[in-house]
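Colleague: Here it is: the structure, laid out below.
Here, each number is a calculation from the coordinates, and none is a lab measurement. None of the values given here were measured: they were computed from a predicted structure. A quick note on method: Cβ atoms are made from the backbone with ideal geometry, for glycine too, and the neighbour counts reach across all protein chains shown.
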Amino acid sequence: MSDEARNPTVALPRFETPLVPRQSISGRALIAVTAIMTFLASITVGAVILVSQAASEWQSDVSREVTIQILPAPRRDLDVAVEKAASVARNFPGIGEVRPYSKEESSKLLEPWLGSGLSLSELPIPRLIVVKIAAGAAPDIPQLRRLLSEQVPGATLDDHRGWIERMRAMSGAAVGIGIAILVLMIAATVLSVTFATRGAMATNKTVIEVLHLVGAKNGFIAGNFQRHFLLLGLEGGAIGGGAAVALFALAALVSRWFSGTAGGEQTAALFGSFSIGVAGYLAVLTQVILIAGVTAVTSRQTVNRTLESID
């Protein structure tokens, strides 16, 4: 007698169709929802990266400059005071460049607020001196402030500390808002997947009950749902993430086209080059994987809880 006759084996059932249909209305709807959630999450991450990069550049630029302001007063020769203050700054250790603004240049700084074509000769416009700190130097700003107040009456020094603190607060607020939006996106994705999984189980209720009665383990049934929703999550995430990457690439290309114009320069000053860099694209890829993982895990847990309630 052969080994096959002595040890008969029972062939395991094979499914010609998957337990969860791949092409269904609920599946396509979940792909659309996942794509939208991933797109919005990726846009949020990219915007946070752009704001953080711009704020870091602003802080770096502003922290390397201080401004000396000399207020006009009766019987005070502003030109002499400006030259004296500039000399004090140039001779101070750690100072790299000193640029006094002329009266015309100081008046022109007011044009964005007062408009052009006005005669400002009669107004007591302060004179400004921009002082740049030498690379790698850390001058004693309080000492420089004391020297200016002693030697140049009416001179004040602003190290822009308040402006830097406001930029840090703005950057921190942008990051906090971005994290809150991501949490809401993930929560909405979990709810969408939960309802989609329950709908798929209701559609295939008879098949699930038969498998359950003949002894199929909960893990086997849950694994089929997990694989199904993992693929849906990956497909939707890839669509949404790809759309976000294309949008950022287009924005960077447009910003380069308008880099020489006044509007382009102002936009670049506020948001940089609209390039999120390698870190940004890796963050988008992480979003796609995260959304797909959340979709698969949520589906499996939903199926397990439902089957346990049947037991």
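Colleague: So which lysines pass the test for LYS205, namely a Cα distance under 23 Å, with those fewer than 8 places away in the same chain ruled out?
Modeller: Within the straight-line limit of under 23 Å, LYS205 reaches these lysines: LYS217.
Colleague: If you don't mind, another one. Could you compute the FRET efficiency for ASP77 and ALA134, with r as their C-beta to C-beta distance and R0 at 41 Å, rounded to 0.05?
Modeller: That pair, ASP77 with ALA134, gives E of 0.90.
Colleague: How would you rank ILE36, ILE221, ILE68, going from fewest to most other Cβ atoms within 10 Å of each one's own Cβ?
Modeller: Going from least to most buried by this count: ILE36, ILE221, ILE68.
Colleague: Find how much the distance from LYS205 to GLN143 grows on full extension, using 0.36 nm per residue of separation minus their present alpha carbon separation; answer in nm with one decimal.
Modeller: 14.3 nm
Colleague: Compute the length gained on full extension between ARG99 and VAL175: take 0.36 nm times their separation in residues and subtract their Cα-Cα distance, giving the result in nm to one decimal.
Modeller: 23.7 nm
Colleague: Still on this model: Sorted from fewest to most neighbouring beta carbons within 10 Å, what does the list THR34, THR44 look like?
Modeller: If I rank by nearby Cβ atoms, fewest first, I get THR44, THR34.
Colleague: Can you tell me which lysines have their Cα less than 25 Å from the Cα of LYS84? Leave out same-chain residues fewer than eight positions away.
Modeller: LYS103, LYS108, LYS132
Colleague: So how do GLU105, GLU308 line up by other beta-carbon neighbours within 10 Å, fewest first?
Modeller: Listing GLU105, GLU308 from fewest to most nearby Cβ atoms yields GLU308, GLU105.
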